[in-house]
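Okay, structure first, notes after.
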Amino acid sequence: MAANYVSFRPSFEGPPIPAWIDSWTWHDEDWHLRVCKRRRGCWVHDVQHPRDLVGSQVFEPSTIGLNTEGTEVRPFLVHDTSRLSALLEPKEVLGPMLDGRAVSSRHAIYVHEDANGRIYFPAWLLIDKLWIWSARALRALLIPNSLDLLMQCGEEQVLVSSELVTGVLTKSAEERIRWLAASEDMRASWASVVLNAYEKRIDLRLPRAAMRGWVRGAYVRGGLLACELSSVCITVDVVDNRAVAVAGESSRGRRSV
């Protein structure tokens with residue numbers, strides 16, 4: 001295989017990375033993630049705001065006490081994410097990695113098979129790459145029926161609230177807004193995140209989309225458990241040429257995340 005030049009952010013940057021992200025929990029009038037950490041030789045649970053883990057790792061393979069069999073970085077290609085299968089019992093993979101009592105089965109894990117072996121994708125990584133393009137997108141994602149409140153889809157343009165987007169319109173933000181405006185499949189995927197959160201589950205309905213990039217992970221029972229994704233490209237069969245505008249902005253200007 002050709003030399004690998006993809007880079008991953010060093011684990012010491014940003015907020016502390018947990019040993020595992022376990023589930024959603026409602027805490028202090030906001031959604032938080034229940035995480036597993038190592039403290040004084042024991043596994044403990046804490047809460048962490050999801051904004052701390054956007055674009056980051058779902059777990060840190062070098063955590064003392066984590067039972068893995070080495071790490072690897074390699075490319076991946078998923079032709080259709082909607083065809084990925086979820087493990088019936090995530091604890092079969094996570095139990096040997098952590099003390100079985102330290103982790104629940106409320107974080108879905110999806111399985112991808114390719115020529116290089118099996119990759120396990122934690123649902124948080126898929127949610128992150130699909131739908132969290134900014135802090136405002138994260139906040140909107142966790143509000144029930146948010147798209148009905150924050151988007152108006154006309155024949156010639158899609159009008160979005162500044163509660164969803166602000167600043168310079170990025171390619172990623174505009175792309176995803178177009179997906180959401182044009183596809184019920186995409187809207188169902190978006191809405192499923194908070195519906196699962198109410199069940200304390202980190203999960204989503206995966207849309208019809210192709211996804212490729214690089215995965216960094218740790219070997220566990222049965223395959224490579226992804227802790228981080230990089231250089232991810234997601235493509236969907238959705239065509240929508242409507243202009244995207246932010247409510248309150250002139251037709252000459254465009255703003256978004």
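Computed from the coordinates by the stated procedures, all read-outs in this text should not be read as laboratory data. Computed from a prediction, not measured in an experiment: that's the story for all the values here. Here the Cβ is made from the backbone with ideal geometry for all residues, glycine too, and neighbour counts use every protein chain on show.
Taking segment 39-84 as the range and being closer than 20 Å to Trp214 by Cα and part of a strand (DSSP E or B) as the test, the residues that pass are Thr71, Glu72, Val73, Arg74, Pro75, Phe76, Leu77, Val78. Kindly indicate the residue of segment 228-246 that is hydrophobic (A, V, I, L, M, F, W, C) and touching a helix residue (DSSP H, G or I) at 6+ places or on another chain (Cβ under 8 Å) and also farthest from Met151 (Cα to Cα) among those meeting that condition. It comes out as Leu229.
Considering only segment 40-71, how many residues are aliphatic (A, V, I, L, M), more than 30 Å from Arg139 (Cα to Cα) and either surrounded by fewer than 18 Cβ atoms within 10 Å (Cβ to Cβ) or in contact with a strand residue (DSSP E or B) (Cβ under 7 Å, 6 or more places away or on another chain) (or both)? Break it down stepwise before answering.
First, pick out the residues of segment 40-71 that are aliphatic (A, V, I, L, M): 44, 47, 53-54, 58, 64, 66.
With the extra rule that they be more than 30 Å from Arg139 (Cα to Cα), the set shrinks to 64, 66.
With either surrounded by fewer than 18 Cβ atoms within 10 Å (Cβ to Cβ) or in contact with a strand residue (DSSP E or B) (Cβ under 7 Å, 6 or more places away or on another chain) (or both) added as a condition, the list becomes 64.
Of the residues in that region, 1 qualify.
With segment 128-218 as the region, which helices (runs of 4 or more DSSP H) entirely inside it contain at least 1 residues that are buried (at least 19 other Cβ atoms within 10 Å of the Cβ) and out of contact with any helix residue (DSSP H, G or I) (no Cβ under 8 Å at 6 or more places or on another chain)? Where helices (runs of 4 or more DSSP H) fall fully within segment 128-218 and carry at least 1 residues being buried (at least 19 other Cβ atoms within 10 Å of the Cβ) and out of contact with any helix residue (DSSP H, G or I) (no Cβ under 8 Å at 6 or more places or on another chain), they are 135-141, 171-182, 184-197. Condition (residue is within 13 Å of the chain's Cα centre (by Cα) and closer than 30 Å to Ser161 by Cβ) applied to segment 110-117: is it met by at least one residue? No, segment 110-117 has no match at all.
I'm checking my understanding of the structure. Among residues of segment 90-108 that are touching a Pro at 6+ places or on another chain (Cβ under 9 Å) and either assigned to a helix (DSSP H, G or I) or in contact (Cβ under 8 Å) with a residue 24 or more places away in the chain (or both), which one is farthest from Cys42 (Cα to Cα)? Steps first, please.
Of segment 90-108, the ones touching a Pro at 6+ places or on another chain (Cβ under 9 Å) are 90, 103-108.
The next check asks that each one be either assigned to a helix (DSSP H, G or I) or in contact (Cβ under 8 Å) with a residue 24 or more places away in the chain (or both); those that pass are 103-104, 106-108.
Working: Val103: 13, Ser104: 16, Arg106: 21, His107: 21, Ala108: 24 Å.
Taking the candidates together, the pick is Ala108.
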